[in-house]
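Enquirer: Pasting a structure here, questions to come.
The values are calculated or read from the model by the stated rules, or taken from the named source; none is laboratory data. What you are looking at is a predicted structure, and each value in this text was computed from that prediction instead of being measured. Cβ: placed from backbone, ideal geometry, glycine included. Neighbour counts: every protein chain shown.
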Amino acid sequence: MLPTMEIVVSPLPGARAGDDVLRFWNRYAAQAHTFEHAVGPNELRIRVLHPGGDSQRHDWWLAHRAGEVVGLARMERMYVDEHHRDVEIDLLLDPEAGTGVAGALLKRALVPALAGGRTRVMTWNPDVPFQRSLWSALGARRAQTIDHARLDVTRADPELMERWDRVPEGYRIHSWRGRCPDGLIALFCAGRRLINDAPLDDLEYPDLSYSADFVRSVEAMTIASGGEPWVLLAATSEGDVAGMTEVIVNTFSPEHSEQSDTAVALAHRRRGLGRALKGRMWRELRRNAPAVTGLTTMNALSNDPMRAINNEMGFVSGPRYAIWQAPAERLLVAIS
């Protein structure tokens with residue numbers, strides 16, 4: 001049993017987050033085990049805590065002890081359909097807070113997750129000793145290690161990027177910013193499905209169908225929360241998707257933008273498409289968004305091909321994350 005140590009846990013409406021939450025977030029972001037960045041009140045409320053005003057998929061809880069914020073928990077109801085019963089619960093904790101804070105937050109998030117029919121928990125957390133000890137003690141299974149890397153966009157080699165930006169014969173690049181054009185949505189959905197081929201290691205995770213409705217909902221949430229999608233999609237002359245890459249420009253803090261999914265279809269690999277997409281995206285950003293000076297990205301540590309491209313481009317690995325999984329009922333019993 002994990003003690004609560006007089007911890008008070010309450011729901012956190014993101015739109016009403018106060019200065020105490022802002023101070024906690026920025027203190028957490030300053031720790032060496034995360035690439036999170038310090039934010040202002042608007043970015044915290046709109047982009048971090050309440051993305052796109054989405055109250056259906058995200059919930060946050062706040063832990064206080066002696067009037068001080070000592071932890072946050074985020075629950076995301078993932079890709080709701082009849083086959084997907086996972087819920088993601090992430091804990092933002094000060095290493096000095098103690099296991100009681102983790103237990104109190106986790107219990108508060110697990111009860112509505114179970115009531116909503118979610119049977120398995122997945123959690124992403126910095127791969128640091130106190131997080132490893134916590135999840136191991138709770139009986140969770142470590143499923144995957146994630147490499148978190150950052151690129152100083154201004155220091156990438158322009159000549160290398162120009163050499164990469166050569167699309168192989170037989171392919172066409174579609175590009176857009178913001179909302180995907182209606183005429184390309186079917187291609188975009190097919191491009192999204194390519195990520196189903198990414199390494200899972202020991203992670204139990206179903207292939208996702210990426211319907212047009214789902215892709216549109218994620219896109220709308222991203223835009224409403226201050227992210228601007230930049231997408232490059234490679235298609236064959238027959239109209240089949242061969243690869244894609246996406247950057248999410250952070251309109252609050254462009255220097256902290258995100259390199260999101262990059263994927264190439266199995267039948268089109270080893271032709272330079274991945275580098276062509278990355279090189280063109282870098283050049284587009286430098287020409288049209290010079291304020292985007294930093295990109296962070298996450299890849300499975302086992303994804304050697306993508307990490308090799310990123311390393312060649314200039315990404316520098318930093319803090320690692322670990323993904324853990326466990327039956328929700330088991331976790332609830334462990335903290336009760």
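Enquirer: I need a count of the residues in region 51-80 that are modelled with pLDDT under 85 and in contact with a Leu (Cβ under 9 Å, 6 or more places away or on another chain).
Expert: Total meeting the criteria: 2.
Enquirer: Residue under question is residue 245, and the condition is that it be part of a helix (DSSP H, G or I), outside the structural domain of residue 76 (by TED's automatic domain parsing) and polar (S, T, N, Q); does it hold?
Expert: No: the conditions fail for residue 245.
Enquirer: Could I ask something else about it? Pick from 234, 220: which is in contact (Cβ under 8 Å) with a residue 12 or more places away in the chain, touching a Phe, Trp or Tyr at 6+ places or on another chain (Cβ under 8 Å) and within 24 Å of residue 193 (Cβ to Cβ)? Steps first, answer last, please.
Expert: Values: 220 fails: touching a Phe, Trp or Tyr at 6+ places or on another chain (Cβ under 8 Å).
Selected residue: 234, the only one of 234, 220 that is in contact (Cβ under 8 Å) with a residue 12 or more places away in the chain, touching a Phe, Trp or Tyr at 6+ places or on another chain (Cβ under 8 Å) and within 24 Å of residue 193 (Cβ to Cβ).
Enquirer: Tally the residues that are more than 24 Å from the chain's Cα centre (by Cα) and closer than 17 Å to residue 58 by Cβ, restricting the search to region 97-110.
Expert: Qualifying residue count, region 97-110: 0.
Enquirer: Which of the following residues is touching a Pro at 6+ places or on another chain (Cβ under 6 Å) and assigned by TED's automatic domain parsing to the domain that holds residue 263: 225, 209, 237? Spell out how you get there, then give the answer.
Expert: Working: 209 fails: touching a Pro at 6+ places or on another chain (Cβ under 6 Å); 237 fails: touching a Pro at 6+ places or on another chain (Cβ under 6 Å).
Being touching a Pro at 6+ places or on another chain (Cβ under 6 Å) and assigned by TED's automatic domain parsing to the domain that holds residue 263 holds for just one of 225, 209, 237, which is 225.
Enquirer: Kindly provide the set of residues from region 212-226 that are surrounded by fewer than 16 Cβ atoms within 10 Å (Cβ to Cβ) and within 18 Å of residue 86 (Cβ to Cβ), ordered by number.
Expert: 217
Enquirer: Please go through region 283-336 and give me each residue that is touching an Asp or Glu at 6+ places or on another chain (Cβ under 8 Å) and either part of a helix (DSSP H, G or I) or without any contact (Cβ under 8 Å) to a residue 24 or more places away in the chain (or both), ordered by number.
Expert: 283, 307
Residues are listed down the side, and each one gets a yes or a no for (1) outside any strand (DSSP E or B); (2) touching a residue at least 40 places away in the same chain (Cβ under 8 Å); (3) touching a helix residue (DSSP H, G or I) at 6+ places or on another chain (Cβ under 9 Å); (4) not acidic (Asp, Glu):
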site: 117; (1), (2), (3), (4): yes, no, no, yes
site: 125; (1), (2), (3), (4): no, yes, yes, yes
site: 136; (1), (2), (3), (4): yes, no, no, yes
site: 142; (1), (2), (3), (4): no, yes, yes, yes
site: 168; (1), (2), (3), (4): yes, yes, yes, yes
site: 180; (1), (2), (3), (4): yes, yes, yes, yes
site: 183; (1), (2), (3), (4): yes, no, no, yes
site: 203; (1), (2), (3), (4): yes, yes, no, yes
site: 213; (1), (2), (3), (4): yes, no, no, no
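Enquirer: Something else now. Determine whether residue 214 is at pLDDT below 95 and assigned by TED's automatic domain parsing to the domain that holds residue 274.
Expert: Yes.
Enquirer: Exactly one of (1) more than 23 Å from the chain's Cα centre (by Cα); (2) assigned to a strand (DSSP E or B); (3) not basic (Lys, Arg) is unmet by residue 89. Its number?
Expert: Here residue 89 meets the rest and fails (1).
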